[in-house]
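Worksheet: the structure to be examined is printed underneath.
The values are calculated or read from the model by the stated rules, or taken from the named source; none is laboratory data. If you're wondering where the values come from, they're calculated on a predicted model, not measured in any experiment. Neighbour counts are summed over all protein chains in view; Cβ atoms, including those assigned to glycine, are modelled from backbone coordinates with ideal geometry.
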């Protein structure tokens with residue numbers, strides 16, 4: 001079973017997205033802030049991350065490189081309700097796997113998360129078990 005980190009400070013969004021991803025057969029680790037996101041992954045294996053751009057105690061953009069330090073090549077998706085083209089470029093240059101605008105259509109979210117998990121599996125096969 002794949003495990004994904006979902007970090008979003010909006011309880012309603014976090015709950016809805018967790019339900020959607022859980023129905024997709026994923027184990028979802030939840031965090032409501034950037035610092036909590038970094039705490040909940042300690043000692044865990046995760047296969048992808050979905051990070052809200054605007055969160056207290058580290059933004060999604062600030063969490064991204066810290067997660068990548070812990071989990072090499074981890075596909076991280078950033079999303080935001082006030083996304084601009086400039087923000088998207090910054091996120092992609094920082095190593096985001098994908099960037100999406102909230103509210104995200106459920107089919108698009110499922111598709112992007114699956115694409116991220118497929119990328120994780122592809123990299124795992126290329127590098128072997130030492131990926132993380």
Considering region 52-68, residues that are at pLDDT 95 or above and in a helix (DSSP H, G or I), and then whichever is nearest to residue 17 (Cα to Cα), we arrive at 60
Restricting region 1-51 to residues that are part of a loop (DSSP other than H, G, I, E, B) and out of contact with any strand residue (DSSP E or B) (no Cβ under 8 Å at 6 or more places or on another chain), the residue that is surrounded by the fewest Cβ atoms within 10 Å (Cβ to Cβ):
43
Criterion violated by residue 24 - all others in (1) touching a residue at least 60 places away in the same chain (Cβ under 8 Å); (2) farther than 19 Å from residue 120 by Cβ satisfied:
(2)
All conditions in (1) in a loop (DSSP other than H, G, I, E, B); (2) within 16 Å of residue 5 (Cα to Cα) are true of residue 83 except (2)
Name every residue in region 91-114 that is touching a strand residue (DSSP E or B) at 6+ places or on another chain (Cβ under 9 Å), surrounded by 15 or more Cβ atoms within 10 Å (Cβ to Cβ) and part of a helix (DSSP H, G or I), in order of residue number.
91, 109, 112, 113
Residue 86, sole failed condition from (1) over 19 Å from residue 32 (Cα atoms); (2) in contact (Cβ under 8 Å) with a residue 40 or more places away in the chain:
(2)
The conditions are (1) touching a strand residue (DSSP E or B) at 6+ places or on another chain (Cβ under 9 Å); (2) at pLDDT 95 or above; (3) surrounded by fewer than 21 Cβ atoms within 10 Å (Cβ to Cβ), and residue 76 fails exactly one of them. Which is it?
(3)
